[in-house]
Amino acid sequence: MNNWRVEVDGEGVALVTFDMAGRKVNTLNAEVISEFTSIVERIRSDDAIKGVVIASAKAGSFCAGGDLGDIESFAGPGEPGKEAETLAHDIERMTKDLTLFRGLETSGKPVACAIEGTTLGGGAELAMACHYRVAADNEHVVLGLPEGGLGLLPGGGGTQRLPRLVGIRESLPILLDGATKTAAEALAIGLINEIVPTGQTVDRARAWVLSSPEAVQPWDKPKFQVPGGGPYVQANSEAIAMHTALSRVKFYDNYPAQRHILAALYEGIQVPIDAGLRIEMHEFIKTVRTPQALAMIRTLFLSPREIKSGVNRPAGHPVRTFKKAAVLGAGLMGAGIACVQAKMGIETVLIDRTPEAADRGKAYTAKYLGKQVSRGRMTQEKADVILARILPTTDYADVQGSDIVIEAVFEDRDVKADVTRLAEAQLGEDAIMATNTSTLPITGLATASVRPENFIGLHFFSPVERMDLVEIIRGERTSDAALAAAYDYIAAIRKTPISVKDSRGFYTSRTITRYLDEPCEMLIEGIAPTIIENIGLMTGMPVGPLSLPDAIGLELSYHVAAQTKRDLGDAYQETASDTVLDFLVAKHGRHGRRNGKGFYDYSDDGKVKTLWSGLSELAEPVMTDAFSDDVKTELKKRILYRMTLEAARCMEEGVISDPREADVGAVLGFGFPRWTGGPISLIEQVGVAKFVKECDALADRHGERFRPGQMLRTMAADGRTFY
Ligand code: NAD
């Protein structure tokens, strides 16, 4: 076997060790399950085996859950004309998997699980199919079923065994929101049976197996009662109602999974376990076949994996390593970039104009590491090593020997040109000179460089330590070798790259602009700001469309627009956001959160905000409160489709060329709703032809900005898709 070891000791205890070859963590995939099936068959038939301990050989991890790459093979509606057969096949496959865990818990032999680390998804489902669970007393132990939070359903018995173990009320947040439990929390609710010191779980599990325990699950005993009672017990029905409401508020019904999870729980808990498992399986298949699940699996799991594996990295260039890197400018972005580099083991020189500014930049990392240590996620020694990798300085001589320089000084061409010259004077022939500009064309900035072929844009997102995406922008003279090196650098700091053309706003900034623009159109039409904010949230965007620009700074958007106007001259097309920004910034001095006034008024401590009443000066109100579902749908579409159309235009103009990157970039870069799988996946969910038709209808009602471009029309006519 490639993934498991079975050793039977003199007393008949089989130690079953989960240990996937060549992997840092264990996951469940087809091969793992097939091998485990033969193990369960042996447990049931081999008289020499008296009891079983299941453990993992991976440090800090029992099992991270199902391998989503594998789930995709049975997602989707199936081949046209063969839907029923595909469904039958999937159900059969799943039935086999269910009988697997069922076979384990009904073998008549005691089975204990030794948990030394992360136990998620299918891993937690396997643990719950054991009769006894011992967990180690360490911070790596987390138990949970994250599927619900990812738009999926725990389909390996999770919706059935969990409530039968811990009761309905405790199950709801774990199932619906993907809430996780530490060892102590899991013990308190009855999800595990015992906590022992790290390294002793296997011994303790073995001792339990040898104590001649009853090898029957509670739910297989004749008089079994669900802890806390069934769904009709008042406290449970109230909890179900409350969690249904909470998950509506959180997910706005954009994820079909929550409904299916609730159905599986509510119906399944009222019948014997085998029937409950069949109900769960039906709900699982229904969930995984929704276009939302398929799109999310692709954009959140498969595409990042493919992109990170270097599918778009120019071939034929040896992989570069990065031992030393310099960051110019120790402000918000520079400090964050230095933090991430140091964490990944890269010696980092952090330059600013004064020693104090450079030190402040390093202090950012100290603060970040301090939090990690206090939360038990990192040891003090490790934090000290990371912090020591950052050298704050004002002296460019320290840049010498760097493999790459990331410039993150003020957004000003002259300042950027100055520091580029100073840094390049210290660099070797092959070193990469990168700029983190958010708006200035790379080709223009490269004119300050003595080696423009090594000059490239690397657009990070704030906060850098949390945001996984980096846009790579190639200037006209950037070489393939430099582009390949940029991919290697991003891999070294474990981020996800997307490659975009040097053009105004690149990809993500250009697309997100529409999230301000359409809401401004609505404001000018007289739609109440509260409605606009809530509609934005209902689409699944993480922050409301009027809160977001306040947080970024209205002045910034205003200045970017003014610069664009100067650059484009007559070609500039005025938008609703120009009118609104003019009104807020120029007329009323409202600069956003920073000066306490923007779309909102902020309290002195910035914690309380209320929509500014002066917004009503922009238009006579036409829509202030109650509105129908049709209106709601139309408003949601307007907001989502504006961004989606912009993403499609970026594909049409070659600003971005890989649909996977367009989707991953939008979801990771600015929080485009995850349920869509990204703007390009959204077009495919709707269907290209139908999307074009809907946009034409929106254009007729609301203006030419909704008119789809030629690429979409041709694709619709030819029946082509992006993926
Ligand atoms: P910031 O104002 O927080 O930091 C800029 C830093 O550069 C300051 O510490 C300043 O002292 C330093 N600096 C200025 N001139 C310098 C010089 N000649 N030599 C050395 N240091 C100098 O700005 P920021 O938000 O970190 O942005 C930096 C760059 O990153 C800009 O180009 C910006 O457009 C881009 N960017 C910002 C964001 C964002 O969300 N803030 C996102 C992506 C890209």
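So here's what we get for this one:
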read-out: Nitroxide proxy distance, nm - points 7 Å out along Cα→Cβ at residue 551 and residue 375; value: 1.6
read-out: Under 13 Å from the residue 139 label point (7 Å along Cα→beta-carbon), backbone N, the range 369-397; value: 369-384
read-out: Computed over the chain, Cα set: Rg, Dmax in Å; value: 28.1, 87
read-out: Unit Cα scatterers, Debye sum, the range 425-569: log10 I(q)/I(0) for q = 0.09, 0.18, 0.22 Å⁻¹; value: -0.36, -1.08, -1.35
read-out: For 317, 243, order by how many other beta-carbon atoms lie within 10 Å, fewest first; value: 317, 243
read-out: Expected 222 nm ellipticity per residue - DSSP helices of 4 or more, -39500 (n - 2.57), all of the chain, to 500; value: -14000 deg cm²/dmol
read-out: For the range 324-503, size of Cβ-based charge dipole, Lys and Arg +1, Asp and Glu -1, in debye; value: 780
read-out: Residue among 345, 546, 484 farthest towards the positive dipole end of the chain, charges placed on Cβ; value: 345
read-out: Intensity falloff of the range 571-723 expressed as log10 I(q)/I(0), Debye formula with alpha-carbon point scatterers, at q = 0.09, 0.15 Å⁻¹; value: -0.40, -0.98
read-out: Linear extension gain, residue 319 paired with residue 45, 0.36 nm per residue minus alpha-carbon span; value: 93.5 nm
read-out: Antiparallel DSSP beta bridges within the range 4-289, as percent of all bridges there, nearest 5; value: 30
read-out: Dipole magnitude of the range 4-289, debye to nearest 20 (Cβ charges: Lys/Arg +1, Asp/Glu -1, about Cα centre); value: 460
read-out: Whole-angstrom gap from the range 647-690 to the range 275-335, using each part's C-alpha centre; value: 14
read-out: 474, 421 arranged by Cβ crowding within 10 Å, fewest neighbours leading; value: 421, 474
read-out: Charge dipole magnitude, Cβ of K and R +1, D and E -1 - the chain, Cα centre, debye nearest 20; value: 640
read-out: Percentage, to the nearest whole number, of Cα pairs in the range 324-503 over 29 Å apart; value: 14
read-out: Förster-model FRET efficiency, 30 Å R0, residue 430 and residue 397, C-beta, rounded to 0.05; value: 0.95
read-out: Eligible aspartates and glutamates near residue 181 by straight Cα distance, threshold 16 Å, same-chain separation 8 or greater; value: 116, 125, 137, 139, 147, 170, 194
read-out: 19 Å cut-off, amide nitrogen to a point 7 angstrom out along residue 184 Cα→Cβ, residues in the range 116-156; value: 116-119, 134-144
read-out: The range 308-352: trypsin sites (Lys or Arg not before Pro) falling in loop per DSSP and having at most 15 other Cβ within 10 Å; value: 323
read-out: Distance (nanometres) between label positions extended 7 Å along Cα→Cβ at residue 384 and residue 466; value: 3.0
read-out: Counting DSSP beta bridges with both ends in the chain, the antiparallel % (nearest 5); value: 25
read-out: Cβ-Cβ FRET estimate between residue 652 and residue 194, R0 fixed at 45 Å, reported to 0.05; value: 0.15
read-out: Which listed pairs, of 495/632; 286/632; 609/636, have C-alpha distances above 28 Å, in listed order; value: 495/632
read-out: Partners for residue 501 among lysines (Cα-Cα distance below 26 Å; same-chain residues under 8 apart left out); value: 308, 416, 565
read-out: Length-normalised contact order of the chain in % [C-alpha pairs under 8 Å, at least 6 apart]; value: 9
read-out: Efficiency of FRET between residue 579 and residue 7 - r from beta-carbon atoms, R0 60 angstrom, step 0.05; value: 0.25
read-out: Added length on full extension, which subtracts the Cα-Cα distance from 0.36 nm per residue, residue 235 to residue 623; value: 135.7 nm
read-out: Proxy reagent accessibility, fewest Cβ within 10 Å first, across 306, 518; value: 306, 518
read-out: No Cys partner within the rule (Cβ under 4.7 Å), the chain; value: 63, 339, 520, 650, 695
read-out: Cβ-based charge dipole, the chain, positive-most Cα from 149, 333, 532; value: 149
read-out: Global geometry of the range 509-654, whether rounded, prolate or oblate, following the gyration tensor of its Cα atoms and the 1.5 cut on a/c; value: oblate
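Every read-out reported here was derived from the displayed coordinates using simple, explicitly stated rules and does not represent laboratory data. Owing to the predicted nature of the structure, the values given are computational and were not obtained by experimental measurement. Glycine also receives a Cβ, built like all others from the backbone with ideal geometry; neighbour counts cover every protein chain displayed.
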